[in-house]
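Chemist: This structure is in structure tokens; I'll ask about it shortly.
The values are calculated or read from the model by the stated rules, or taken from the named source; none is laboratory data. A quick note: this is a predicted structure, and the numbers were derived from the prediction, not measured. Methodologically, a virtual Cβ is constructed for each residue, glycine included, from the backbone with ideal geometry; neighbour enumeration extends over all protein chains shown.
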Amino acid sequence: MNNHPIEGELRDALAAHAQKFSASPDAWQHVQAKNAGLSGHRRARSAPSGAGWLARHRAFVVPAAAAAAVAAVALGATAVAHGFSGTTQPGATAYASAKPGYSPALVSVQVKLPARTMAAGSSMPAQIIVDNKTGHAIHVNGCGSLFQLALESDTYHPEVGWPLCLQILTIAIGKSTYPVPFTASYLNCGPAAPGHGTTHVCVHGRPPALPAGEYRVVLFQSHHVVSAPAPIPVTVTPVRSG
Amino acid sequence: MTSQQASAPFSPAADDMAAVFRARYLEMVRLAGLLGADDPEDIAQEAFARLMRKGALDADPAPYLRAIVCNLTRNRHRHLRVIREKIPRAVAEPSSEQAAIVREDHAEVIAALAALPARRREAIVLRFWLDLSEREIATTMGISPGTVKSQLSRGLAALARALEAKA
């Protein structure tokens, strides 16, 4: 087989590019942990993921919150059991748990809103920009998404939960942008005359719109990955009739 | 390594496994990286974990490890593609690693390689980075040597076209 004209350049490029990938000093420990079957190290193959899944199953999210909290505790214990030292070696892999193995100051987050006013019941396509300056990708045991945004006020404090599945969610090195839409609606609802707690009566199977007023957009995290940014004030206006 | 050692079954006792890890881990990380994995170390670690679970092996576990790295990376790409289809606006900004790729000397070649279909990219990397024969590539990828030849030929042609277009 005759050499192709670009073979030489291709070999040089591959050799040079390969040098950019290095091995972290604790890689062997990670392999052993994976081999021991610690579930947090495995990728979930068939678990649903993404904000779309979350949006479609929102009604399920809050009822599952209590169970998710239990799972979160278990996952935190798993991550601790992996023996992460908290060092931040270049190219190393970090797993976030209740106590991140990196300095939260090296991971900043910014919430971007396209507007500061929204109609009750409407949705706003917000974005969360995470800047990971730790020098390594951060892996978090979670399900669907790391972040959610929700509106809260002095009198309304949303109960945000996550669906139950086990995935390893990765925050890449550098800036990553996550679309995190939120709605000016309650996050949960139930049948008529619920008679318990803060459950609101569903309207056409969906949570009802929030009453008009002054709210704050608050960031919720499935695990403590970043220091929470300051809430952003948002005005919810009444639904236009007709 | 003698031929007698080469034909003996590989028993992944802890010390042996550690030796294989030391000898092959970086290669597997780099293979995953060249195949475009977003987290090459995670792929390589999973490959070694599967090797440990597999038990007795042939003398050289490298072909098995390479095959696992290729499969895992391909699956990861597929998974990410599905997520991006479901979340159209996701991850618009390049990571700092991607930015570094753009700046490097061989950026055009690497970018053209990244645009190839996964199987073609695997064949190219295995041939021109690891210098594997067509038969070894066929074993790694689980395809026939004829298909390897075809993938290499088409891959090189596509790379040449892409580089000419940018020249």
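Chemist: Looking only at region A:165-194, count every residue that is under 18 Å from A:HIS139 (Cβ atoms) and at pLDDT 70 or above and tell me the total.
Modeler: Counting residues in region A:165-194 that are under 18 Å from A:HIS139 (Cβ atoms) and at pLDDT 70 or above gives 11.
Chemist: Give B:ALA13, B:ALA114 a once-over and let me know the one that is modelled with pLDDT of 90 or more and either surrounded by 18 or more Cβ atoms within 10 Å (Cβ to Cβ) or of a type in the set (A, V, I, L, M) (or both).
Modeler: B:ALA114
Chemist: Out of the residues in region A:200-240 that are surrounded by fewer than 13 Cβ atoms within 10 Å (Cβ to Cβ) and of a type in the set (D, E, K, R), state the one that is modelled with the highest pLDDT.
Modeler: It comes out as A:GLU214.
Chemist: From (1) surrounded by fewer than 14 Cβ atoms within 10 Å (Cβ to Cβ); (2) at pLDDT 80 or above, pick out the condition that doesn't hold for A:GLY197.
Modeler: For A:GLY197, the exception is condition (2).
Chemist: Kindly provide the set of residues from region A:146-173 that are out of contact with any Gly (no Cβ under 7 Å at 6 or more places or on another chain) and outside any loop (DSSP other than H, G, I, E, B), ordered by number.
Modeler: A:PHE147, A:GLN148, A:LEU149, A:ALA150, A:LEU151, A:GLU152, A:ILE168, A:THR170, A:ILE171
Chemist: Ok, one more. If you scan region B:25-41, which residues turn out to be surrounded by 24 or more Cβ atoms within 10 Å (Cβ to Cβ), under 16 Å from B:PHE128 (Cβ atoms) and either facing chain A (nearest Cβ under 7 Å) or out of contact with any Cys (no Cβ under 9 Å at 6 or more places or on another chain) (or both)? If you could, list the steps in order and put the result at the bottom.
Modeler: Narrowing region B:25-41 to residues surrounded by 24 or more Cβ atoms within 10 Å (Cβ to Cβ): B:28-35, B:40-41.
Of the ones still in play, those that are also under 16 Å from B:PHE128 (Cβ atoms) are B:30-31, B:33-35.
B:ARG30, B:GLY33, B:LEU34, listed by residue number.
Chemist: Restricting to region A:114-147, name every residue that is among the aliphatic types (A, V, I, L, M) and buried (at least 17 other Cβ atoms within 10 Å of the Cβ).
Modeler: Across region A:114-147, the qualifying residues are A:MET118, A:ALA120, A:MET124, A:ALA126, A:ILE128, A:VAL130, A:ALA137, A:ILE138, A:VAL140, A:LEU146.
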